[in-house]
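Novice: Below are the structure tokens for one structure; questions will follow.
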Amino acid sequence: MAEPNAKGLMHPIPLDKTVTLTLQGTKLALAEHETSILAQDGGEAARFRIVGMGAGRVALALGGGHLSINATGDAWVKPGEAGVGETFQWMETIYGEPMLMSLATNRYLTVDPASGQVSATSPGARSDRADHARFVVAVGER
């Protein structure tokens, strides 16, 4: 499928830009802890570079690796080039809230607000927003 100008419903995908991801409605930002990714309130947020993978899909580059999802849905930083486990379909809710669907699990990136665990295990958006799978994307410098 050719989609040369892939964009979100209300906002363009920030391709080739550095971003931070914060769980919608909270102060929990995704952060790198050794090779793990977790959400924390305070501290330094991970600064991901959005890499276009075609057809509205992205990889989230961090240092010499990428945000990766394993077979059980757990998030970590995998060194090297991006493959299926490191590729996400960029989507938005009808309100323009970004959601990232892992191609490895066909589930959405989500945060457990109690533990800060990040995984791709959410089946999708819920009307009560209890899915914890919507993010605020803050674009930084390149």
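Novice: List pairs: first in segment 85-108 and at pLDDT below 95, second open to solvent by 20 Å² or more (accessible area, probe 1.4 Å) and among the polar types (S, T, N, Q), Cβ under 8 Å, 6+ apart or cross-chain?
Specialist: Listed pairs, sorted by first residue: E97/Q24.
Novice: Output the residue which, of all residues in segment 122-142 that are without any contact (Cβ under 8 Å) to a residue 60 or more places away in the chain and open to solvent by 70 Å² or more (accessible area, probe 1.4 Å), is nearest to F48 (Cα to Cα).
Specialist: For segment 122-142, the residue satisfying everything is P123.
Novice: Could you tell me whether M99 is open to solvent by 60 Å² or more (accessible area, probe 1.4 Å), over 15 Å from T18 (Cα atoms) and in a strand (DSSP E or B)?
Specialist: No.
Novice: Can you find a residue that is among the acidic types (D, E) and buried (at least 19 other Cβ atoms within 10 Å of the Cβ) anywhere in segment 43-57?
Specialist: No, every residue in segment 43-57 fails to be among the acidic types (D, E) and buried (at least 19 other Cβ atoms within 10 Å of the Cβ).
Novice: Checking A71 against (1) within 21 Å of T26 (Cα to Cα); (2) among the hydrophobic types (A, V, I, L, M, F, W, C); (3) in contact (Cβ under 8 Å) with a residue 12 or more places away in the chain: exactly one of these is not met. Which one?
Specialist: Result: A71 passes all but (1).
The values are calculated or read from the model by the stated rules, or taken from the named source; none is laboratory data. In this text the structure is predicted, and so the values were computed from the model without any measurement. Please note: Cβ atoms are built from the backbone with ideal geometry, for glycine as well, and neighbour counts cover all protein chains shown. We work out accessible area using only protein heavy atoms, side chains counted, and drop any ligands, DNA or RNA first. Shrake-Rupley method; radii C 1.70, N 1.55, O 1.52, S 1.80 Å.
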